[in-house]
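The values are calculated or read from the model by the stated rules, or taken from the named source; none is laboratory data. Quick caveat: nothing in here was measured; it's all calculated off a predicted structure. Glycine also receives a Cβ, built like all others from the backbone with ideal geometry; neighbour counts cover every protein chain displayed. Heads up: the accessible areas ignore ligands, DNA and RNA and are worked out on the full protein's heavy atoms, side chains in. Shrake-Rupley method; radii C 1.70, N 1.55, O 1.52, S 1.80 Å.
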Amino acid sequence: MMSRLPTALVVLLLVGPLLAGLAGTLLPAFGYLPALGGQELSLRPLRDLFATPGIFRSIGLSLGTGLAATVLSLAITMLFVAGWMGTPAFKLVRRLLSPLLAVPHAAAAFGLAFLIAPSGFLVRLLSPWATGFDRPPDLLILNDPFGVAMTLGLIMKEVPFLFLMTLAVLPQTDSFRKMKVTATLGYGRTAGFLKACLPEVYSRIRLPVLAVLVYSTSVVDMAQILGPTTPAPLAPRIMGWMADPDPAIRFQASAAALLQLALSGLALLIWFLLERIARRLGHSASGKRHRRDRPFNLSVLAGMSIVVGGMVAGILLLPIWSVTKSWWFPDSLPAALTAKLWTGLGEVAGAPLLTTLAIGIPASLIAGILVLWHLEAKTRARGVSSAEKAAFDGFVFLPLLVPQVSFLFGLQVLFARLHLDGTMFAVGLGHLIFVLPYVYLSLKDPWNELDPRFAKIASSLGSSANRIFLMVRLPLLLRPLLVALAVGLAVSVGQYLPTLMIGAGRVVTITTESLALSSGGNRPLIALYGTLQLLVPLIGFSVAAAIPALLFRNRAAMKVIR
Amino acid sequence: MTLGLMLKDVKISLGGRTLLSLSKTVAPGDVLTVMGDSGAGKSTLLEYVGGFLRPPFEATGRLILNNRDITTLSPQDRHVGFMFQSPLLFPHMSVRDNLLFGLPNGGMTKHERATAVEASLCDIGMDDFADRDPATLSGGQQTRIALMRLLLAEPEALLLDEPFSSLDQSRRADLRDLVFRLARERGLPVLLVTHDKEDADAAGGDLVEL
C-alpha cells in the first residue's frame, strides 16, 4: 500500500489541478461564473469570441507557427543526428546545446530580438557598409505578420530540447550499432538512420514532440516578444482579454481558452495524420542506398549552425546590453558601458529575484523529494508491471500536453475562490505542475540505469532498505539528483503564465517582470532581466556540478557513473 | 539435523516451464559447483538462495541453512553472502568504508571496528590500502576487498556468481585458492556458479550440470 502512496500523490498533484482547471475554464466559457455576474449558461461568450475581428487569422497563426516550428525542429534534430552522429561536429553541438536547454523561453526570445531586430546586432554588423543604413530600417523583421520571427524563436528553443531527448534515447535503441550495420550494407548515413533507427527513436521521443507541438501552438511569452501583433496569435490575445475590466470580455477570454484547447487538439490531430503519411512514405524496404548524402548533410549542418549560432549570439547580447550606457546605430559595439544596473541590482531587481528563488527552490526540492519517493517505492515494490510504469510516465507528461492557458484560467478562478490567488504558495503549487515532470524525466533514466547488484550486495550484507537508500543509492545518484533539481529550478524560473495568472499579477518574478518591460524600449533593463534568467539556472547547474565534484574528488569511478 | 546449506526439492520455473530442479546438501566448507549454458538458470538459482528472485520467476522447495529455514526470509536476514562477476565495490566509498559497510555494528566501539577492518586487510596482504579509492585498485585487489567485505558481515554461506571470470588467468588461481581456503577455515558452505571447468576442478566438491 505504502508503495502506491507517493505515486498517487504525484498523480494527484499533476492531474488534480489539470482537471479542476479545465472545469474552471469550461463553465465561464459558457457564461457561468457567479463572481463575475454570470448566473446561467449561455453561448454568448463563444458568439462574442467568433465575432471578434481577426479571430480566424489568430487561429491560423497559432496553428501555422506551431506546426511549422514543430516540423522544422524535429526535422533539423533528426537529420542532424542522422548525418553527424559520432563526428566532432556532433560533439561540439552536443556540448553547446546542453546548457542552452536551461535558457528560459523569454530570455531566448529577447536574445533573438536583440539579434535580428531592425536595430539589432546583425543589421548593425552589416551597416552601413553593406546595407547603406545609417538609421534602423523600417522593416517588420520582428513581430512580422506571418510569425516568421516567432517560429524561428520557437525552433531555437525546441531544438535543444528535442536533441537532448534524442541523445538519451540513442543508446537505448542501439542506434550506434545499427548505423554501423547500415553503413556496411552500403547505405548513406541519413538513409541508414531514417530507415533503421528513426522508427524506434521517434516512438520513444514522441511524447516530448507532442509536448513541443502543444506548447508551440499555445505559447504566450515568446509570442508577445517576437510574434505578430495585428492580430496576434490566439494565446497572447487571450491574455489581453483576461486582463480586461469588462466582464463580457473576460467571459470571452474563457471561451477563447476553451478554443485554445480545441486548437491544440486539432494541431495534434493534424500531427497524427502527418505521422501516418510519413510512415506511408517511408519505404524502408525500397533498397535505395542514397550513398552520396554529403551535400545534404552539410546543408543540415548549416541549419543546425544557424539554430545554435543564433541562440548563442542572442544570449551573449543580453549581458552586453545589460552593461550598455549608449550604443548608437549603426555601431557594432556600445559606445559607453556602465555597471550601474548591476551595482544597484538590489534596488533594480532585488525583489523579483528573491521571489523567483523563493518559489523555484522549494518547488524544485518538493518535486525532487516526491520523485525520489516514487522511484524508491517502485524499486522496493515487487513486480511493478511495465504497463503500470508506462501509465505513470504518461500521467507525468499530461500537464505538458495541455495548453497552459486553457487550464490555468480555471485554476486561477479556483484559487481565487479559496482566497489563495496572488500568494507565493499558490504560484509555487502552479509551478510544481510543470517542475515535477521535468525533474522526473531527468532523474528516471539514471535511477533505472543504476546497477541493481549494488543494492543486492548491500542487502546480503545485512543492510535495511532505508540504509541502502541513504548509503548506497542516494550517494551513487547524487550527481543526477542535483542536476534534476537544477533542471527543476530552471523550469520554475522560466514559468511565465502560471506566475502571471495564479499570482494575479501580485507575484512578480524576473520572468514576469521582463515581459512587463518588453513593450517599453529600455533595452539595458530588459537585458538585465534576461541575463538574470540565464544566471539563476546557470548558478543552479554549477552548484549541482560542484557538490559531487567536491564530495567525490578522490573517487575516480564517481566521475563516470551517472 | 545437519549443518550446512540444504536445498530441499528446489524447483524454479518461468511461466510454467521448469528451469531447474535440485535437491542437494552442501556441508560446511564444501563447494557445490553449478555449471551450464547461459540461460539455463544458474544465476537464477543464486538469486533464489540469496532472496532476490522476482516475478515472473517462481520457485518451490525449502532452503535450510544451519537448521534455519530461510526460504521466506528477506535477503537482510538470511546471512548469505553474494559475490558477482565484478567486485562492485561502492565507488563513492574508500576501501575502509567499503569494509566498514560490511562489518555489522554488534556493539563494537569505533576503535574495535577500525581494528577489525585493519586485521581483515592484513589477512589478504593489503595492509596499506584502507584509504585508497577502490577505482585505483587492480581487478584482483578489488575482488579481494569485495571478498573481505562479504566475510566481515559474518555470512553463514557463500554464493559465488562467476566471481573469477573478470580476472586474468594468473590471478584467477590465486583468488580461487584464497576464497576456498577462507570458506573452509570458517566452515562456510559455498554455492559456485561458473562457466570455467577449472573452477569446478579446483572447487573439488559436487558438480551439478544444468
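Per-structure values
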| read-out | value |
| --- | --- |
| Global form of the range A:1-86, assessed from the alpha-carbon gyration tensor, a/c cut-off 1.5 | oblate |
| Equivalent-ellipsoid semi-axes of the range A:473-562, from the Cα gyration tensor, Å, largest first | 35, 15, 7 |
| Long-range amide H partners of residue B:208 with built H, under 5 Å | B:33, B:34, B:35 |
| Residue-averaged [θ]222 nm for the protein assembly as shown, counting only DSSP H segments that reach four residues, each worth -39500 (n - 2.57) | -20000 deg cm²/dmol |
| Where B:180, B:129, A:50 fall by accessible area, highest first, once all protein chains stay in place (1.4 Å) | A:50, B:129, B:180 |
| The range B:87-210: Cα Rg divided by the 2.2 N^0.38 Å rule of thumb | 1.08 |
| Of the trypsin sites (Lys or Arg not before Pro) in the range B:135-186, those whose Cβ has at most 15 other Cβ within 10 Å and which sit in DSSP loop | B:186 |
| Alpha carbon convex hull of the range B:5-209, projected area averaged over orientations, nm² | 11.6 nm² |
| Separation in nanometres of the label points that stand 7 Å from Cα toward Cβ, at residue A:305 and residue A:419 | 6.2 nm |
| Calculated FRET value between residue A:274 and residue A:203, using beta carbons and R₀ = 22 Å, to 0.05 | 0.90 |
| Residue A:451 versus residue B:27: modelled label distance in nm, points set 7 Å from Cα along the beta carbon direction | 3.6 nm |
| Surface accessible to a 1.4 Å probe, residue B:79 within the full protein complex, Å² | 80 Å² |
| Three-way shape label, the protein assembly as shown, alpha-carbon gyration tensor, a/c 1.5 | prolate |
| For A:441-453, mean number of other protein chain Cβ atoms within 10 Å | 1 |
| Qualifying chymotrypsin sites (Phe, Trp or Tyr not before Pro) for the range A:302-407 [loop in DSSP, other Cβ within 10 Å: at most 15] | A:328 |
| Taking only Cα atoms of the range A:216-279, radius of gyration then Dmax in Å | 14.3, 50 |
| Under 19 Å from residue B:8, Cα to Cα: lysines that are on another chain or at least 8 residues apart | B:24, B:42 |
| Long pairs among A:444/B:11; A:180/A:444; A:157/A:288; A:178/A:378; A:195/A:378; A:91/A:157, criterion Cα-Cα beyond 27 Å | A:444/B:11; A:180/A:444; A:157/A:288; A:178/A:378; A:195/A:378 |
| Accessible area of residue A:124 in the full protein assembly, 1.4 Å probe (Å², nearest 10) | 10 Å² |
| Fraction of beta bridges assigned by DSSP in the range B:5-209 that are antiparallel (%, nearest 5) | 55 percent |
| DSSP-defined antiparallel bridges as percent of all bridges, the protein assembly as shown, nearest 5 | 55 percent |
| Linear extension gain, residue A:325 paired with residue A:138, 0.36 nm per residue minus alpha-carbon span | 64.9 nm |
| Mean separation of Cα contacts under 8 Å, 6 or more apart, over the residue count of chain A: relative contact order % | 24 percent |
| R0 of 41 Å, Cβ-Cβ distance residue A:12-residue B:17: FRET efficiency to nearest 0.05 | 0.50 |
| Estimated vicinal HN-Hα couplings, Hz - the range A:42-48 in sequence order (Karplus 6.51, -1.76, 1.60; Gly, Pro = x) | 8, 9, 4, x, 5, 4, 4 |
| Spacing of the two label points (7 Å from each Cα toward its C-beta) at residue A:386 and residue B:177, in nm | 4.7 nm |
